[in-house]
């Protein structure tokens, strides 16, 4: 059973593992490459994962067997578990609750050797559709307040399995970083009666210094306040706070632009490790007008050091304008 | 000139280090850092290889920028901030920007080529602490600065670089950093409600419970915080309420040196010299005109946070600010307490199972 704990000062929550705590010998100080010969996420190994929650598959194929495009399974080693009660309680000056939530793995493709950017827009659409479906489905559980969808690609981005996958963690609270962003956006809106992200899109399009690529509905740019070199954001041009309300026709356009953006990063940075985060509104959405969903893609090129940890200041050795000049120039091969 | 930029939504500042601009090919992805050669610019006798010193504790009769020093402070070779110039905060459309005016110094903790603070004598650690206090006192006089951050990167994955000579860093800046401000606001909020310092309350509860205490002396306590974001994280605090590190007493200094050395040695032995960062959290400078920290004297309490780098911070942690810590602090404290050093051998009590 994991336990959630709240920092009484910053309000930051952490999750700690009570039943299977790690000892000093459990930690690997040196990183090393592992080659997993028998991958549980590959075709034919469906029995190696917990039974699937949902899958997009060819008609006529059966559950937990081959024939799928994108498959969602519970995480075998979940950070949070779905059974039980929250049981909030105080321990002296501290607060705690049980670690209730959902932790799912979205297997993006049956092809072990491919990466998200190698998939066709149609295949990426399945992945994005899985994001949407899972977010909507988990709303049925009233204990869950926020669905965090993310992808860790490569060891230094925290991926432990090579097979292309994303993850979803549903939390019984709105996490601190998200809340900060929601509240910040709400403050901006209160002051100007406009969405801050819409303003950002306008300014980026007008200045055109940091735009990487775009299509009719979506825009990708390196944010003015990039914390990391080659950090990129991808947003819908039309105001929308909740990713899960995205229309089918837009899903295709999003898939196309995401592929374009990831291919550029892959080409320019020689297949870097990266984290992809989907920032969207919480289940109880008080932020429809002020918040704007977006994806953040952060290549893992620099190490976060003591200074960054201590301050929340990030040192970015590549200004976004410079990053964009590389990302724009690169020739991206058209799919197929 | 480096530039600071403020996120208009979250209020987060960041630095554009234009002079450190990197091209895609400059990033070594996953390369291993090894100590290059044997000549270390931080060793005694190599003073000419560094920028001129800012401050030193040195033996009587020895000359500036020559041998005979015990602790030496020099400007950083490639500083994030520059000491000269105006801050010039201004708007760029919806964004805010300003120049990166500040001080960036390196504190050489020993004249000898020693890789870790844990290997220094207690008396030497005390001199490092004296140096921290000196630099804080001195930089307080520059009205451009609001905050001085003192920190340490030990080991490659903590950003310790490729020269294995133990050192700390100092950055003086024109803004109070976001995470420090959050902590200050949190402490202030608690004080508003209870009229007590939250850190004093925490110390009292930790000593009473005992489960997370690693080390304790008359004046200083070290424990693994209840809500540690990172495995084996430790905090070191003075028992006496005090917001400003630079007002540390002689007794506290001596005992802090002892606790720091033992805590870092225990950490090193429990986890085979893991990479770690530590960050000194002290109150910001109170400028007469800027009176918004009304109760800071009463509500804030300086402390040192030691964060071993054992887990990777991945997408989820970045996106949520929620950290997954696989070792409960009570477990961590047990290991850290029991990991004692005798004659250079390790006597770490083994874990059940």
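Derivation of every value follows stated rules applied to the coordinates shown; laboratory data play no part. Everything quoted here is computed from the prediction, not taken from an experiment. Here Cβ is always computed from backbone atoms with ideal geometry, including for glycine, and neighbour counts include all displayed protein chains.
Numbers at a glance
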item	result
Packing-based order for A:123-129, B:269-275, using average beta carbon neighbours within 10 Å, highest first	A:123-129, B:269-275
Residue order, fewest to most beta carbons within 10 Å, for B:57, B:150	B:57, B:150
Ranked B:224, A:39, criterion: other C-beta atoms within 10 Å, fewest first	A:39, B:224
Intensity falloff of chain A expressed as log10 I(q)/I(0), Debye formula with alpha-carbon point scatterers, at q = 0.09, 0.13, 0.14 Å⁻¹	-0.51, -1.13, -1.33
Kirkwood Rh (inverse of mean 1/r, distinct Cα pairs), the stretch A:85-137, angstrom	14.3 Å
In nm, spacing of pseudo-spin labels at residue A:288 and residue A:89 (7 Å Cα→C-beta vector)	4.0 nm
Length-normalised contact order of the stretch B:97-256 in % [C-alpha pairs under 8 Å, at least 6 apart]	23 percent
Efficiency of FRET between residue B:201 and residue B:141 - r from beta-carbon atoms, R0 35 angstrom, step 0.05	0.55
Rg/Rg_globular for the stretch B:87-134, with Rg_globular taken as 2.2 N^0.38 Å and Rg from C-alpha atoms	1.96
The stretch A:144-186 versus the stretch B:240-279: alpha-carbon centroid distance in Å	34 Å
Per-residue [θ]222 nm for chain A (sum of -39500 (n - 2.57) over DSSP H runs n ≥ 4, rounded to 500)	-8000 deg cm²/dmol
Residue B:115-residue A:187 FRET efficiency (beta carbon distance; Förster radius 51 Å; 0.05 resolution)	0.65
Estimated FRET transfer efficiency when R0 is 25 angstrom, pair residue A:215-residue A:321 (beta carbons, to 0.05)	0.70
Computed Rg/Rh of the stretch A:33-145, alpha carbon atoms with Kirkwood Rh	1.07
Simple spin-label estimate for residue B:60 and residue A:136 in nanometres, 7 Å along Cα-Cβ	8.3 nm
Residue-averaged beta-carbon neighbours from other chains (10 angstrom radius) around B:154-166	2
Ranked by how many other beta carbons lie within 10 Å on average, peptides B:307-319, B:127-139 from highest	B:307-319, B:127-139
Shielding by other protein chains, B:308-314, mean Cβ within 10 Å	6
At 1.306 mPa s and 10 °C, Stokes D of the stretch A:84-205 from Kirkwood alpha-carbon radius, µm² per second	91 µm²/s
Inter-site label distance for residue B:134 and residue B:294 at 7 Å from Cα along Cβ, in nm	3.9 nm
Shielding by partners - mean other protein chain Cβ count within 10 Å, residues of A:175-182	5
